[in-house]
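Participant: Take this structure first; my questions come after.
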Amino acid sequence: MMISNKIISLKNIDNYLEITTNAAKYRIVLLNDDIVRIRCTFDKEFKEEASYALVMTAWEDKMDELLKDERKKVVALSSKYEDLDSHILLTTKNLNISIYKEPFGIEITDKEGNVLHSDLKEKSYVKDALGRLYHYSCMDDEDYFYGFGEKAGYLNKKSRRMRMHNVDTIGYDSECTDPLYKHIPFYIKFNNRNNIASGIFYNNSYDSTFDMGCERSGYWNKYSYFCADGGELDTFFIYGPKIKDVVRNYTDLTGKTAMSTKYSLGYMGSTMYYTELDKNSDKAILQFLDKCKKEEIPCDGFFMSSGYTTGEDGKRYVFNWNYDRFENPAEFVSKVKEKGACLAPNVKPGMLISHPLYKEFDEAGAYIKDEKEEKSQIDRYWGGSASFVDFTNPKGRELWKNHLKESLVSLGITSIWNDNNEFEINDSEAVCCFEGMKKEISALRPIMPNLMAFMAKETIAEVYPNTRPYVINRAGFAGIQRYAQTWAGDNNTSWKSLKFNIPVILGLGLSGVANQGCDIGGFFGPAPEPELFVRWVQNGIFQPRFSIHSCNNDNTVTEPWMYPSYTKYIKDAIQLRYKLVPYLYSLLFEAATEGSPIMRPLIYEFPEDKKLLEESFDFMVGSSILVANVLEKGSKTRKIYLPRGVSWFEWNTKQVYEGGQTIEFEVTLYSIPMFFRSGAIIPISEALMNIHNDSIETLKLLIEPSQESNFELYEDDGVTNDYKKGDYLKTIISINKESGVKITFEKEGSYLTKVKEMFVDLICKEIAPIQVRLNDRKLSMFLDKKEWEASEDGWYYDMEQKTAKIKYNNINENYTLHVDSDVKDLISI
């Protein structure tokens, strides 16, 4: 065993500090004022920098050319230090980094002296006899831990031990199963005593374990640890001080969420059932889209399961089309588009040895090799023995792209669904090309799905340069958000899955992956009972990825109309989803620029409220909407804690509740408990039924003006890359309360909005307006609602909802809406 206990030498080299201890070497890089890199190796020398995960570096890296369109190189801060006898001190604008000489350890504090991270001295960095690497950190009783990628169970992971190892966990228990599909070694620590958040990212893709206080020893202070099976301890400390700051800084490092197509926010139909029919699967899918329209259920796409690739022997062969099921693929793709939907075909990276293309890939050296590098590694896969495409091999990437183009993308397909890409290769010593450097699969397993998604993005870009790709991935490593929307795999059909998939999604959102969701209705198991299905859809409409998908084991198929007497509930919920598309698309843009999650834990928005530290099931959509879905069978009421510090308004009635209390809310099967906060600005599209074909010409803004705030409404064409050239429209809507209520609209960008008519629902609980002005023009006030509806512009006051309803023709330049509410004295002369 090797333990770093004593500094032997220190040396400043360019913009990093190199430290040699009795057991290991370290390089300390102050990447910026908030991010500190601590790179540790127990080898004699550091290996060449070669990271697929990072998009911000301050050093030369082997992947710079491959990631040239994504990577940003910065200049690190000076690593000059002050020697204070027992320790040396490095500083940034926000941090003090103390490195103790003996026993060796690193402590990071803010400028007020709050300890943000402290190594467990005498066993801070360890390499055991099996070659495993450990990093031990001190724990505080008031520490709470969030993130860790895609993990089952409650949101706070304190006292948990979790394994990082992506695996195909079909039918998993969303409370207990570990690991799941994604491997993201990042977490956020939030200290309840000082309300400060910080994060740790380990840039290490070997299998690893986090122990967050599950282990306890009386000989040491309370501690957590990270243990990796190999590689280096490449640690990035990330400062907040708020949780949202940590997420932003982490996604500066590993990449923001891809700006996906607008239609990706629509309802995506899916089931394995249709593509497993003996014939005419194409007709079944087209009939599904027609049925959606007939039932007034909005739908913008179909995730097509892998049955379309089935060969004559009944096995699935990627890039193959089954012509009994799909007589004319190109014509089928065209018809799907005509119906206002995208088609996202399922693609898998494992190629069965009976695959017609197996030999071509084998002879090209495109597969991962066995440990002797003599032949392609063969392992278990769905359908039999298979080899896996090596996406760290330029030959494998090019061959994959060529066949992806020929079989799918050339038909007009610009949405790719990457599935079964966990790369479960049992021989950990199987060899990957690793850009010519050769490395064992155990070091690169979770990187493979990232690169697979990267290749889908690249392929679509090569064929359709100005078309925005829509890629969906099941597995992934840190940085997967740059390429793909993801989902939480093959969940079990149960009330427990409905409930515990929520913290799975929330934790992944805190780990940089904003665009994701789970299979609504449950993937694995019998058909969901009616009540469960309704409640699941009512929850699913708030997930960025919204797809009802199933592989029911009772010969049924989960469809929106599967229970006709309940279809009205499903329809209403999905139509509500479409009303929120302008809000959700603006949140997607926020994710793409700031890294913010779309579905957010309450603690993310209200870190001062101690009652939210353990809240796992109620959540925010953006900063304005709180959702408390009904998650228990047969519920008649739902207890909801409303965070303190703001007022809350029930979505439908506009009834106001003060924050900081628990209410018991009566529910029926129709109920979706939703509340918006004071200061909310929420754009709504009342009539949208298809994102592909419908333009939003009428936009409603729901505004609660008692608190100053702002919201960035984002618009573009939703499908091209023209937004990168400035063809977008950002409208910053701000509430100012200096004199009455002033709502300003400040616009940026060249995109010409399709919105022609604006409606503003302005909550006015205390007093009705006396006057509304658009810039300097006074709008007419109506006492009769029908007269107002017939007018071109004007306003009236809805007494029942205490809301001023304002309408006017949209203005394609900056403007201001003034709402005056002085009391009009009708008695005094």
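Participant: For Glu813, state whether it is within 42 Å of the chain's Cα centre (by Cα), at pLDDT below 95 and of a type outside the set (S, T, N, Q). Spell out how you get there, then give the answer.
Facilitator: Values: within 42 Å of the chain's Cα centre (by Cα): yes; at pLDDT below 95: no; of a type outside the set (S, T, N, Q): yes.
In short, no.
Participant: Hey, among the residues in the stretch 647-661 that are touching a strand residue (DSSP E or B) at 6+ places or on another chain (Cβ under 9 Å) and part of a loop (DSSP other than H, G, I, E, B), which one's surrounded by the fewest Cβ atoms within 10 Å (Cβ to Cβ)?
Facilitator: Among those residues, the one meeting the criterion is Asn652.
Participant: Please work out which residue is least open to solvent (accessible area, probe 1.4 Å), limiting yourself to the stretch 82-123 and to residues that are assigned to a loop (DSSP other than H, G, I, E, B) and either farther than 26 Å from Tyr219 by Cα or in contact with a Leu (Cβ under 6 Å, 6 or more places away or on another chain) (or both).
Facilitator: Restricting to residues being assigned to a loop (DSSP other than H, G, I, E, B) and either farther than 26 Å from Tyr219 by Cα or in contact with a Leu (Cβ under 6 Å, 6 or more places away or on another chain) (or both), the top hit is Thr92.
Participant: Here's something else I'd like to know. With the condition kept exactly as written, say whether any residue in the stretch 421-437 is at pLDDT 95 or above, buried (at least 19 other Cβ atoms within 10 Å of the Cβ), closer than 25 Å to Pro469 by Cα and not charged (D, E, K, R).
Facilitator: Yes - at least one qualifying residue is present in the stretch 421-437.
Participant: A further question on this structure: How many residues are touching a Gly at 6+ places or on another chain (Cβ under 8 Å), in contact (Cβ under 8 Å) with a residue 40 or more places away in the chain and part of a loop (DSSP other than H, G, I, E, B) when one looks only at the stretch 545-558? Reasoning before the result, please.
Facilitator: First pass over the stretch 545-558, keeping only residues touching a Gly at 6+ places or on another chain (Cβ under 8 Å): 545-550, 552-553, 558.
Next cut, in contact (Cβ under 8 Å) with a residue 40 or more places away in the chain only: 545-550, 552, 558.
Retained after the next criterion (residues that are part of a loop (DSSP other than H, G, I, E, B)): 545, 549-550, 558.
So the count comes out to 4.
Participant: Now for a separate question. Any residue at all in the stretch 672-681 that's more than 21 Å from Pro544 (Cα to Cα), part of a loop (DSSP other than H, G, I, E, B) and within 23 Å of the chain's Cα centre (by Cα)?
Facilitator: No, the stretch 672-681 contains no residue that is more than 21 Å from Pro544 (Cα to Cα), part of a loop (DSSP other than H, G, I, E, B) and within 23 Å of the chain's Cα centre (by Cα).
Participant: Restricting attention to the stretch 124-152, and to residues there that are surrounded by fewer than 20 Cβ atoms within 10 Å (Cβ to Cβ) and over 21 Å from Pro607 (Cα atoms), which single residue is farthest from the chain's Cα centre (by Cα)?
Facilitator: Only one residue fits best here, namely Ala129.
Participant: Now a separate question. Looking only at the stretch 202-231, count every residue that is over 24 Å from the mean Cα position of the chain (by Cα) and open to solvent by 30 Å² or more (accessible area, probe 1.4 Å) and tell me the total.
Facilitator: Qualifying residue count for the region: 10.
Participant: I've got another one for you. Out of the stretch 761-807, which residues are under 36 Å from the mean Cα position of the chain (by Cα) and either of a type in the set (Val, Ile, Thr) or farther than 17 Å from Val741 by Cα (or both)?
Facilitator: Ile763, Gln801, Thr803, Ile806
Participant: Separate question: Condition first: polar (S, T, N, Q), assigned to a loop (DSSP other than H, G, I, E, B) and in contact (Cβ under 8 Å) with a residue 12 or more places away in the chain. Now tell me which residues in the stretch 704-761 satisfy that.
Facilitator: Ser706, Gln707, Asn721, Ser750, Thr753
Conditions (1) closer than 30 Å to Met455 by Cα; (2) touching a Phe, Trp or Tyr at 6+ places or on another chain (Cβ under 9 Å); (3) in contact (Cβ under 8 Å) with a residue 40 or more places away in the chain; (4) part of a loop (DSSP other than H, G, I, E, B), marked per residue:
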site: Asn5; (1), (2), (3), (4): no, yes, yes, yes
site: Ile8; (1), (2), (3), (4): no, no, no, no
site: Thr20; (1), (2), (3), (4): no, yes, no, no
site: Arg27; (1), (2), (3), (4): no, yes, no, no
site: Lys44; (1), (2), (3), (4): no, no, no, yes
site: Ala50; (1), (2), (3), (4): yes, yes, yes, yes
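Participant: Just give me the residues in the stretch 469-499 being open to solvent by 10 Å² or more (accessible area, probe 1.4 Å) and touching a residue at least 40 places away in the same chain (Cβ under 8 Å), in sequence order.
Facilitator: Within the stretch 469-499, Pro469, Arg482, Tyr483, Asp490, Asn492, Thr493, Trp495, Lys496, Lys499 meet the criteria.
Participant: From (1) within 22 Å of Arg316 (Cα to Cα); (2) open to solvent by less than 10 Å² (accessible area, probe 1.4 Å); (3) touching a residue at least 40 places away in the same chain (Cβ under 8 Å), pick out the condition that doesn't hold for Asp379.
Facilitator: Going through (1) within 22 Å of Arg316 (Cα to Cα); (2) open to solvent by less than 10 Å² (accessible area, probe 1.4 Å); (3) touching a residue at least 40 places away in the same chain (Cβ under 8 Å) one by one, Asp379 breaks only (2).
Participant: So which residues in the stretch 276-308 are surrounded by fewer than 24 Cβ atoms within 10 Å (Cβ to Cβ), among the polar types (S, T, N, Q) and assigned to a helix (DSSP H, G or I)?
Facilitator: Once the filter is applied, which keeps residues that are surrounded by fewer than 24 Cβ atoms within 10 Å (Cβ to Cβ), among the polar types (S, T, N, Q) and assigned to a helix (DSSP H, G or I), the stretch 276-308 yields Gln287, Ser306.
Participant: Which numbered condition in (1) in contact (Cβ under 8 Å) with a residue 60 or more places away in the chain; (2) open to solvent by 20 Å² or more (accessible area, probe 1.4 Å) is the only one that Ser174 fails?
Facilitator: (2)
Participant: Sticking with this one: Only residues that are under 24 Å from Gln377 (Cβ atoms) and either assigned to a loop (DSSP other than H, G, I, E, B) or in contact with a His (Cβ under 9 Å, 6 or more places away or on another chain) (or both): list them for the stretch 399-430, please.
Facilitator: Residues satisfying the conditions are Asp419, Asn420, Asn421, Glu422, Phe423, Glu424, Ile425, Asn426, Asp427, Ser428, Glu429, Ala430.
Participant: Count, please, the residues in the stretch 240-275 that happen to be open to solvent by 20 Å² or more (accessible area, probe 1.4 Å), closer than 18 Å to Ser511 by Cβ and either among the aromatic types (Phe, Trp, Tyr) or part of a loop (DSSP other than H, G, I, E, B) (or both).
Facilitator: 3
Participant: Still on this model: Out of the residues in the stretch 19-62 that are acidic (Asp, Glu) and more than 20 Å from Tyr134 (Cα to Cα), state the one that is least open to solvent (accessible area, probe 1.4 Å). Before the answer, list the steps.
Facilitator: If we filter the stretch 19-62 for residues that are acidic (Asp, Glu), which is where we start, we get 33-34, 43, 45, 48-49, 60-61.
Keeping just the survivors that are more than 20 Å from Tyr134 (Cα to Cα) gives 33-34, 48-49, 60-61.
On the way: Asp33: 51, Asp34: 29, Glu48: 117, Glu49: 32, Glu60: 130, Asp61: 14 Å².
So the residue we want is Asp61.
Participant: Being assigned to a strand (DSSP E or B) and over 29 Å from His117 (Cα atoms) is the filter here; which residues of the stretch 155-191 pass it?
Facilitator: Scanning the stretch 155-191 gives a single hit, Tyr172.
Participant: Quick check: anything in the stretch 355-368 free of Cβ contacts under 8 Å to residues at least 12 places away in the same chain and either in a loop (DSSP other than H, G, I, E, B) or surrounded by fewer than 23 Cβ atoms within 10 Å (Cβ to Cβ) (or both)? Write out each step before concluding.
Facilitator: Taking the stretch 355-368 and keeping what is free of Cβ contacts under 8 Å to residues at least 12 places away in the same chain, we get 359, 363.
Next, from what is left, pick out any that are either in a loop (DSSP other than H, G, I, E, B) or surrounded by fewer than 23 Cβ atoms within 10 Å (Cβ to Cβ) (or both): 359, 363.
Among the residues of the stretch 355-368, at least one is free of Cβ contacts under 8 Å to residues at least 12 places away in the same chain and either in a loop (DSSP other than H, G, I, E, B) or surrounded by fewer than 23 Cβ atoms within 10 Å (Cβ to Cβ) (or both), which makes the answer yes.
Participant: Would you mind finding the one in Glu766, Glu813, Glu787 that is surrounded by fewer than 16 Cβ atoms within 10 Å (Cβ to Cβ), acidic (Asp, Glu) and not in a loop (DSSP other than H, G, I, E, B)? Show your work before the answer.
Facilitator: Details: Glu766 fails: not in a loop (DSSP other than H, G, I, E, B); Glu813 fails: not in a loop (DSSP other than H, G, I, E, B).
Sole residue among the options that is surrounded by fewer than 16 Cβ atoms within 10 Å (Cβ to Cβ), acidic (Asp, Glu) and not in a loop (DSSP other than H, G, I, E, B): Glu787.
The values are calculated or read from the model by the stated rules, or taken from the named source; none is laboratory data. The shown structure was predicted, so the numbers you read here are calculated from the model rather than taken from an experiment. Here Cβ is always computed from backbone atoms with ideal geometry, including for glycine, and neighbour counts include all displayed protein chains. These accessible areas exclude ligands, DNA and RNA; they are computed on the full protein's heavy atoms, side chains included. Shrake-Rupley method; radii C 1.70, N 1.55, O 1.52, S 1.80 Å.
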